[in-house]
Every structure is written in structure tokens, then in C-alpha cells.
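Worksheet: the structure to be examined is printed underneath.
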Amino acid sequence: HELMPGKYIPDDQALYDKVVALDSTFFNTYNNCSLMLDAYADFYAEDVEFYHDKGGFSNSKKDVVEGTKNNVCGKVTRHLVPGSIEVYPIKDYGAIEFGFHYFRNNQEPDAKPHPARFVIIWKQEGEKWKIKKVVSLH
């Protein structure tokens, strides 16, 4: 028996596929937020908690969206590290997503991006999925 885990294999392939699709759609709205800010904002629960290692803590959906509008839209693009997403079910709630991504800032074209860890806690509300908590590390 090994103490270190091996390659990630989803416990629930359908849930994994759903969360990967949500991630893709959500970050498409992020990358195109100049045109899709309302769609971007709609992903967040009203009581979202956002933990950012450099920016601190916010539990205001309005502040998170405004921060994106002012600091990201038209400037920053998110890129997922392929194959990095792991998804784990949370019984009677939703799912937790772990992964790595990096960002390119068009204001800093020569900056070398580096992968950063992220965690998103998704809550299923009927057919809709909402982002309840985000941990963004750089």
C-alpha cells in the first residue's frame, strides 16, 4: 500500500465532466468579461466567499465582480493547465474542484506566467450550479 496517491481518477465521471464544463464556461465569461460581465457574475452565489493570497478575503459578490471588471476585463486571460482538474463530490451539496491555471496580462507582455493552484466549491441548486467559495493562490 502506497502512502502517496497516484494519478487522479474521478470517483464520479459524470460529476467530473460537469464541473470541467462549468469551469470552461465560467472562465470563458471571465476571459470575455468586457462582453459577458453579467454572465460571469451569475456564476457566483450571493454569499460567495473569495480567498485570494494577494488580494485578501471578500464575501461580497458585488466587490468580486467589480474587482474583475476593474482589474481583469480587457487585460487578463486565464489559461487552465491541461489535465490538472480534480473533482470530488460533496454529499447533498455539490462538488469541490482543485486545479492549476495561469494568467496572462496584456499589460505585461514579457512577464513569464507560472501555474497557480485554485479551489472552487460548487453548490448545486436544482439544475443550476453556483460558486460558493474560491481559493485563489498565486
With the requirement that a residue be part of a strand (DSSP E or B), closer than 24 Å to K123 by Cβ and open to solvent by less than 50 Å² (accessible area, probe 1.4 Å), what does the stretch 64-86 give you? R78
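Working only within the stretch 11-21, note down all residues that are assigned to a loop (DSSP other than H, G, I, E, B) and open to solvent by 70 Å² or more (accessible area, probe 1.4 Å).
Quick first cut of the stretch 11-21, residues assigned to a loop (DSSP other than H, G, I, E, B) only: 11-12.
Matches in the stretch 11-21: D11 only.
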Starting from residues that are aliphatic (A, V, I, L, M) and free of Cβ contacts under 8 Å to residues at least 24 places away in the same chain, keep the ones in the stretch 22-63 and report whichever is most open to solvent (accessible area, probe 1.4 Å). L35
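Suppose we filter the stretch 39-63 for residues that are over 14 Å from K130 (Cα atoms), part of a helix (DSSP H, G or I) and of a type in the set (D, E); how many remain? Steps first, please.
Of the stretch 39-63, the ones over 14 Å from K130 (Cα atoms) are 51-60, 62-63.
Next, only the ones that are part of a helix (DSSP H, G or I) stay: 62-63.
Filter again for of a type in the set (D, E), leaving 63.
The number of residues fulfilling the criteria is 1.
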If I ask for residues that are exposed (fewer than 15 other Cβ atoms within 10 Å of the Cβ), in a strand (DSSP E or B) and either of a type in the set (A, V, I, L, M, F, W, C) or without any contact (Cβ under 8 Å) to a residue 24 or more places away in the chain (or both), which ones from the stretch 87-106 would you list? I90
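Do you know which of the residues in the stretch 107-130 that are within 22 Å of E97 (Cα to Cα) and of a type in the set (A, V, I, L, M) is most open to solvent (accessible area, probe 1.4 Å)? Full working, then the answer.
Kept after step one, since they are within 22 Å of E97 (Cα to Cα), are these residues of the stretch 107-130: 113-130.
Imposing the further condition that a residue be of a type in the set (A, V, I, L, M) reduces the set to 116, 119-121.
Working: A116: 5, V119: 24, I120: 4, I121: 42 Å².
Top of the filtered list is I121.
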Restrict the check to the stretch 1-10 and report whether at least one residue is modelled with pLDDT of 95 or more, of a type in the set (F, W, Y) and surrounded by 12 or more Cβ atoms within 10 Å (Cβ to Cβ). no
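The values are calculated or read from the model by the stated rules, or taken from the named source; none is laboratory data. Keep in mind that this is a model prediction, so the values were computed, not measured. Every residue, glycine among them, receives a Cβ derived from its backbone with ideal geometry; neighbour counts consider all protein chains shown. Accessible surface areas use protein heavy atoms only, side chains included; no ligands, DNA or RNA. Shrake-Rupley method; radii C 1.70, N 1.55, O 1.52, S 1.80 Å.
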